[in-house]
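The values are calculated or read from the model by the stated rules, or taken from the named source; none is laboratory data. Since the structure is predicted, the reported quantities are computational estimates derived from the model, not experimental observations. When we count neighbours, we look across all protein chains shown, and the Cβ atoms used for this are built from the backbone with ideal geometry, even at glycine. We work out accessible area using only protein heavy atoms, side chains counted, and drop any ligands, DNA or RNA first. Shrake-Rupley method; radii C 1.70, N 1.55, O 1.52, S 1.80 Å.
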Amino acid sequence: MEIAQPRDLERYLSLAKRRHRELCRQKRIFNARNRIIGGDTDTWDAQVHDQKIKEATEKARHETFAAEMRQNDKITCILEGRERRDRKSLCKAINDFQQTFQKPETRREFDLSDPLALRKDLPARQSDNDIRNTVSGMQKFMGEDLNFHERKKFQEEQNREWSLQQQRERESARAHQRCAEDLYFKTRLQFDETAKHLQNLESATRKAVCAAVKEFNRNQATESVERKTREKKQEQEDDLAEISNLLRGDLLSENPQQAASSFGPHRVVPDRWKGMTREQLEQIRLVQKQQIQEKLEKTYGRSLYKSTH
């Protein structure tokens with residue numbers, strides 16, 4: 001049974017790492033669905049997520065603007081329709097008023113353009129109130145006509161009618177002005193409500209976008225911290241593994257077996273030899289003592305032999 005040496009374990013560990021890296025590389029290359037040679041999927045996913053958030057924001061903004069434009073078009077159509085109806089009603093009222101109260105016969109200068117003037121012409125004189133009695137005719141003097149009271153009463157009645165007519169016209173104009181002002185105020189209030197609603201929609205959209213961006217940034221920060229933590233932990237593990245390998249290696253442990261030569265047990269490799277072991281030094285000292293003892297014994301024996309002879 002062979003004993004596993006540290007060198008064999010290190011070789012087996014490096015071989016296992018190479019096999020693992022090769023399997024990972026084959027998994028990346030030969031997987032047709034997820035072939036990502038030279039790519040960063042995390043960054044791609046983050047970019048896709050950012051693009052989706054941006055598209056959703058732009059879409060919400062365009063929809064808001066479209067809703068505002070539709071609302072403005074609708075309000076404009078309603079106001080134009082009301083304006084046309086009011087103008088039509090005003091023109092109709094003016095025509096009715098002219099046909100009722102402003103007939104050609106009621107004009108003061110109608111007699112100058114009356115087509116039936118000759119047929120309506122009267123004799124030279126009929127009464128004192130004849131309008132044809134001029135000053136040069138010496139037929140009627142100022143204040144001496146017979147119909148003075150009737151004429152004065154008619155003039156007062158006519159002035160009263162004119163005054164009432166002017167009052168009615170002023171009241172009608174005021175009523176139309178009040179209606180126009182009420183319509184204007186209502187339209188302004190509706191515009192303000194619409195603007196407020198659109199502002200609220202824009203604010204809500206902005207808040208949603210800010211919340212999404214904040215959540216995305218928080219996730220990015222969390223992922224960055226976790227990635228840095230994993231990298232630091234992996235670096236520490238690699239450092240510990242490297243330190244352990246160095247401490248257990250032949251260099252620092254000064255394993256004498258690494259200096260053994262393949263030419264024989266009595267020879268060593270010079271660039272790997274760490275010196276003699278304690279047993280070898282003790283063996284050399286023991287051999288030296290034996291040699292000294294033998295030398296002493298030979299020297300004493302020779303001296304003793306000479307002295308005896």
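Cross-link partners of Lys88 among lysines, defined as those whose alpha carbon lies under 20 angstrom from its own and excluding same-chain residues fewer than eight positions apart, are absent.
In terms of Cα atoms, the Rg and Dmax of the range 170-213 work out to 18.9, 63 Å. Restriction of the trypsin sites (Lys or Arg not before Pro) in the range 77-111 to DSSP coil positions whose beta-carbon has at most 15 other beta-carbons within 10 angstrom yields Arg107, Arg108.
Within the straight-line cut-off of under 16 Å between alpha carbons, the aspartates and glutamates reachable from Lys196 are Glu68, sequence neighbours fewer than 8 places apart in one chain being disregarded. Once the C-beta distance of Gln71 and His176 is scaled by a Förster radius of 41 Å, the resulting FRET efficiency is 0.90 to the nearest 0.05. Glu150 exposes around 110 Å² of accessible area when a 1.4 Å probe is run over every protein chain in place.
Listed by chain and number, the lysines whose alpha-carbon sits under 29 Å from that of Lys289, ignoring those within fewer than 8 places in the same chain, are Lys274, Lys298, Lys306. Ordered by solvent-accessible area of protein heavy atoms (1.4 Å probe), largest first, the residues Leu90, Leu198 come out as Leu90, Leu198. Applying 0.36 nm per residue to the separation of Phe97 and Leu23 and subtracting their alpha-carbon distance, the gain on full extension is 16.5 nm. Here the simple spin-label model places points 7 Å from the Cα toward Cβ, and for Ser244 and Arg188 these points are separated by 8.3 nm. Pair-distance distribution P(r) for the range 144-194, from all Cα-Cα distances in 10 Å bins starting at 0: 22, 23, 19, 13, 11, 8, 4, 1 percent.
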